1. Taking region B:74-128, which residues are hydroxyl-bearing (Ser, Thr, Tyr), under 25 Å from B:Ala41 (Cα atoms) and within 16 Å of the chain's Cα centre (by Cα)?
2. For region A:66-94, give me each residue that is under 17 Å from A:Ser163 (Cα atoms) and in contact with an Asp or Glu (Cβ under 6 Å, 6 or more places away or on another chain).
3. Show the residue pairs meeting these rules: Cβ distance below 8 Å; 6+ apart or different chains; first residue within region B:69-82 and within 12 Å of A:Val166 (Cα to Cα); second residue open to solvent by less than 60 Å² (accessible area, probe 1.4 Å) and outside any helix (DSSP H, G or I).
4. Got a number for residues in region A:148-163 being in a helix (DSSP H, G or I), without any contact (Cβ under 8 Å) to a residue 60 or more places away in the chain and touching a Lys or Arg at 6+ places or on another chain (Cβ under 6 Å)?
5. Restricting to region A:203-215, count the residues that are part of a loop (DSSP other than H, G, I, E, B) and basic (Lys, Arg).
6. Looking at this structure, is B:Val39 β-branched (Val, Ile, Thr), part of a helix (DSSP H, G or I) and surrounded by 14 or more Cβ atoms within 10 Å (Cβ to Cβ)?
7. Are there strands (runs of 3 or more DSSP E) fully within region A:47-102 with at least 2 residues that are not hydrophobic (A, V, I, L, M, F, W, C)? List them.
Amino acid sequence: MSELGVVQSFTVTFIVRRFNPETDTEPYWQDFDVEMFSTDRVLDGLHKIKWDQDGSLSFRRSCAHGICGSDAMRINGRNRLACKTLIKDLDISKPVYVEAIKGLPLEKDLIVDMEPFFAAYREVQPFLQSTSKPKKEHHQTIEQRERFDDTTKCILCAACTTSCPVFWTDGQYFGPAAIVSAHRFIFDSRDEASQVRLDILNSKEGVWRCRTTFNCTEACPRGIEVTKAIAEVKQAAISGVRR
Amino acid sequence: MKTLRLERLGWIFMRLSGVVLIALIFTHLTVNLMQDGGVKAIDFAFVAGKLANPFWQWFDTALLWLALIHGTNGMRVVIQDYVLRPRLRKVLLTLLAVSTVTLIVLGTLVIFTLDPCPAGTPADLLPSFCPAV
């Protein structure tokens, strides 16, 4: 008989895509067995590997609570935040595959160079641009705020952009995250630079490269309807912004 | 700034031509394959008879142009998405453009210059309106 109050633990096999630029020419898979509870997350598994088994395993994480957007990775072939993926939601009778997000230059293990992603983000001018300087605050109705509420939730984890097949083959494409960030200001009633952003996104590598595969919506850990936001930006690029 | 308008135009064109093509294609299929004896009724007389009628001439021209441009733009997008080597991409895009222009020119020529009553053909192979030889 098992002792009262003892929480059952499981052995979970993680197969992690490793790469050390100083010694490896190609990434390779390495497996680790980790003792885990069903309340643990994939991030806890990676911690246990790094702290108890192999200190050289490299990955990013900061808050570990789904807000900072540091630990986006490909878990069983899907882009997820390691800190939001619970072990109980995975089929642990099979190994759990963990690898870096795709489409960005691999630096080490689960760490990629995020610069191309942020470059696209900066390009859409993701900040409020307003010439009117009200004495108190900018007024906005509840409906006007509601219009872009969904896209304010973005944490720039790059899960959407690196799940996009167009971005994988064409690194020049702005990608879903940049379009989401543009959407957040294009539909903001206080902003005056919507047309500038639409002109940028009207370019060859802009919204028209989107193939509506919905990978981005599926990948978003914040539940943003990314593909819908992109469609709304397309709509605005054709017939003007309706806030 | 010129390419930006083209990408947008292409995207709008795909949607509009797609809707029009659904109507054109199903009319084409119904008239050619279902009505009056169906697919077995298609012979030179049937085709020549249709192409002698200005309505079907313009109908087929619209179908030809829209389908080819729609398909070509789709192929262009596929090439852009999947062919990463710049030279191969250029070669494929050029081949695509050349073949489309050739098909459009040839097809349009056939539609408007086909002689429905070529001389010296037995009357039973020709449309009914051909003068008896």
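1. Result: B:Thr108, B:Thr113.
2. A:Arg74, A:Leu81, A:Ala82
3. Cβ pairs passing all conditions: B:Gln80/A:Asp170; B:Asp81/A:Asp170.
4. So the answer is 1.
5. Count: 2.
6. no
7. Strands (runs of 3 or more DSSP E) meeting the threshold: A:78-81, A:96-99.
To keep it simple, each residue is scored yes or no on (1) polar (S, T, N, Q); (2) in contact with a Leu (Cβ under 8 Å, 6 or more places away or on another chain); (3) farther than 30 Å from B:Ala123 by Cα.
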residue: B:Met14; (1), (2), (3): no, no, yes
residue: B:Val31; (1), (2), (3): no, no, no
residue: B:Asp36; (1), (2), (3): no, no, no
residue: B:Lys40; (1), (2), (3): no, no, no
residue: B:Ala48; (1), (2), (3): no, yes, no
residue: B:Leu66; (1), (2), (3): no, yes, yes
residue: B:Ile69; (1), (2), (3): no, no, yes
residue: B:Val77; (1), (2), (3): no, no, yes
residue: B:Lys90; (1), (2), (3): no, no, yes
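The values are calculated or read from the model by the stated rules, or taken from the named source; none is laboratory data. It should be emphasised that the depicted structure is a prediction, and the values quoted were computed from it without experimental measurement. Cβ: placed from backbone, ideal geometry, glycine included. Neighbour counts: every protein chain shown. For accessibility, only protein heavy atoms count, side chains too; no ligands or nucleic acids. Shrake-Rupley method; radii C 1.70, N 1.55, O 1.52, S 1.80 Å.
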